[in-house]
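*Asks:* Have a look at the structure that comes next, please.
The values are calculated or read from the model by the stated rules, or taken from the named source; none is laboratory data. Computed from a predicted model, the values in this text were never measured in an experiment. FYI the Cβ positions are ideal-geometry reconstructions off the backbone, even for glycines, and counts take in every protein chain you see. Calculation scope for accessible area: heavy atoms of the full protein, side chains included, ligands and nucleic acids excluded. Shrake-Rupley method; radii C 1.70, N 1.55, O 1.52, S 1.80 Å.
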Amino acid sequence: MELTQQEKNILLDSIREIKDFPQPGIIFRDITTLLNNKKAFKLLMDFLTKRYANYELDYIAGIESRGFIFGAALAHSLGIGFIPIRKKGKLPYTTISEKYSLEYGFSEIEIHIDAFKNQDLGHTPKTLLIDDLIATGGTAYAAANLIQKAGAVCVESCFIINLKNLGGCKEIEKLFPIHTILDL
């Protein structure tokens, strides 16, 4: 299941580009303009809901902070739980963490150690990882490792935007399936 080119154009037209943010040479893809465009946001969320309706997922895990928006909305639409993957020091309970590199620096993310233990599912929790963008893949790789360390399996990762020239998908797809909506 894929979006038509016309549907992709609606999404592309709703994303603002900001040059030299957060530092010179970077083109930031601002999805806040997609979020406040009711036609584009509904199109995207309807597509994601249809795509993942038959995956028998137990959770959606979203990467801070824009992954929270898409992940929480999708989890609600699918009637399943949402797991936040946050920057170091933001979660209040015992956590596990993973360090990673970005295209413009280094960072660390965390997940609650018991994030996937609030239900007795009778199987390893099946989780979809979601974020707004994949660049070098460092954040996605770290997040997938955290999902596994916390006792779940990442069945797929979904990114609204794939920055193809940075190659993040190529490395990550060796580990688990990836679905991208817009390849730029």
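*Asks:* Suppose we filter the stretch 102-113 for residues that are modelled with pLDDT under 95 and either surrounded by 23 or more Cβ atoms within 10 Å (Cβ to Cβ) or not in a strand (DSSP E or B) (or both); how many remain?
*Replies:* Number satisfying all stated conditions: 2.
*Asks:* OK, next. How many of the residues making up the stretch 137-182 are open to solvent by less than 10 Å² (accessible area, probe 1.4 Å) and of a type in the set (Ser, Thr, Tyr)?
*Replies:* 1
*Asks:* Please state which one of LYS19, LYS8, LYS99 is under 25 Å from ASN165 (Cβ atoms) and open to solvent by less than 60 Å² (accessible area, probe 1.4 Å).
*Replies:* Numbers: LYS19 fails: open to solvent by less than 60 Å² (accessible area, probe 1.4 Å); LYS99 fails: open to solvent by less than 60 Å² (accessible area, probe 1.4 Å).
Residue meeting the stated conditions: LYS8.
*Asks:* Only one of (1) closer than 24 Å to LEU35 by Cα; (2) open to solvent by 10 Å² or more (accessible area, probe 1.4 Å); (3) aliphatic (A, V, I, L, M) fails for ILE134. Which number is that?
*Replies:* (2)
*Asks:* Let me ask something else. For the stretch 51-91, enumerate the residues that are small (Gly, Ala, Ser) and within 16 Å of ILE178 (Cβ to Cβ). Let's see the steps before the verdict.
*Replies:* So in the stretch 51-91, the residues small (Gly, Ala, Ser) come out as 53, 61-62, 65, 67, 71-73, 75, 77, 79, 81, 89.
Hits for the stretch 51-91 are ALA61, GLY62, GLY67, GLY71.
*Asks:* From ILE109, ILE63, which residue is among the β-branched types (Val, Ile, Thr) and over 12 Å from the mean Cα position of the chain (by Cα)?
*Replies:* ILE109
*Asks:* Out of (1) among the aromatic types (Phe, Trp, Tyr); (2) assigned to a loop (DSSP other than H, G, I, E, B); (3) open to solvent by less than 20 Å² (accessible area, probe 1.4 Å), what's the single condition that is false for PHE47?
*Replies:* (2)
*Asks:* Are there any pairs with C-beta distances below 8 angstrom linking a residue in the stretch 166-184 that is charged (D, E, K, R) to a residue that is assigned to a helix (DSSP H, G or I) and at pLDDT 90 or above, with the two at least 6 apart or on different chains, and if so which?
*Replies:* From the stretch 166-184, the pairs are GLU171/TYR141; ASP183/LYS164.
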